[in-house]
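Below is one structure, written out as structure tokens; comments come after it.
The values are calculated or read from the model by the stated rules, or taken from the named source; none is laboratory data. Just so you know, these numbers come straight off a predicted model, no measurement behind them. Don't worry about glycine lacking a Cβ; one is built from the backbone with ideal geometry, like all the others, and counts go over all protein chains shown.
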Amino acid sequence: MQKLLKTSSILITILGVLLVCGGLWGAIFISQQVAKENITTPDDASIPGILVQGPFTLKAQADIIRKHTLSMTGGKTFAEMPRQITKLDSNGSAVVGEDGKPVMVANTTRDIWITATTLTTALNLGIISYAFSGLALVLGLLFVLIGIAFYALAKR
């Protein structure tokens, strides 16, 4: 039993150290990758004028992108806007086709949502990555403590 505890303590401790290293590496990697983009939160963000690098600034940037997008689309989301809208002339009147029906064109306002969704998804993925790195770090520390406890038990 003593040999099993010693062996287990070594393996669990090694696993814990690997998890701690992986968690730290993940957080540093994410921070470096996000910092390369040189994004600074705008003045109306919840954390204004800060380089986006950590989970809180990632969240602030994602939130402000959504707020700005809603203001540009009149408060409508992608799903609430029609795919096509009536083409208007310079006077704001509907352009009518030869068949007497209004000419329909792509609703370019919906494209704003495509871009916003892409950006916020990337930012939110960064937040999730930080959380995953934190989880690995905490589990690693826990495994190291368990390994130490197993080793102490093996000594008795």
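In region 48-61, the residues that are in a strand (DSSP E or B) form no Cβ pair under 8 Å with any partner that is among the acidic types (Asp, Glu), whether six or more places apart or across chains. Residues in region 87-116 that are closer than 22 Å to Leu70 by Cα, of a type in the set (S, T, N, Q) and not in a helix (DSSP H, G or I): Asn107, Thr108.
Does Arg83 qualify as being surrounded by 16 or more Cβ atoms within 10 Å (Cβ to Cβ), touching a residue at least 24 places away in the same chain (Cβ under 8 Å) and charged (D, E, K, R)? Considered against the rule, which asks whether it is surrounded by 16 or more Cβ atoms within 10 Å (Cβ to Cβ), touching a residue at least 24 places away in the same chain (Cβ under 8 Å) and charged (D, E, K, R), Arg83 comes out as no.
Residues are listed down the side, and each one gets a yes or a no for (1) of a type in the set (Val, Ile, Thr); (2) at negative phi; (3) surrounded by 15 or more Cβ atoms within 10 Å (Cβ to Cβ); (4) in a loop (DSSP other than H, G, I, E, B):
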| position | (1), (2), (3), (4) |
| --- | --- |
| Thr118 | yes, yes, no, no |
| Ala122 | no, yes, no, no |
| Ala131 | no, yes, no, no |
| Ala136 | no, yes, yes, no |
| Gly140 | no, yes, yes, no |
| Val144 | yes, yes, yes, no |
| Ile148 | yes, yes, no, no |
| Leu153 | no, yes, no, no |
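Checked against (1) surrounded by 12 or more Cβ atoms within 10 Å (Cβ to Cβ); (2) in a loop (DSSP other than H, G, I, E, B), Ile64 passes all but a single condition, namely (2). Selection within region 1-57: residues that are loosely packed, with under 13 Cβ neighbours inside 10 Å and closer than 30 Å to Arg156 by Cα. The member of this set that is modelled with the highest pLDDT is Thr7.
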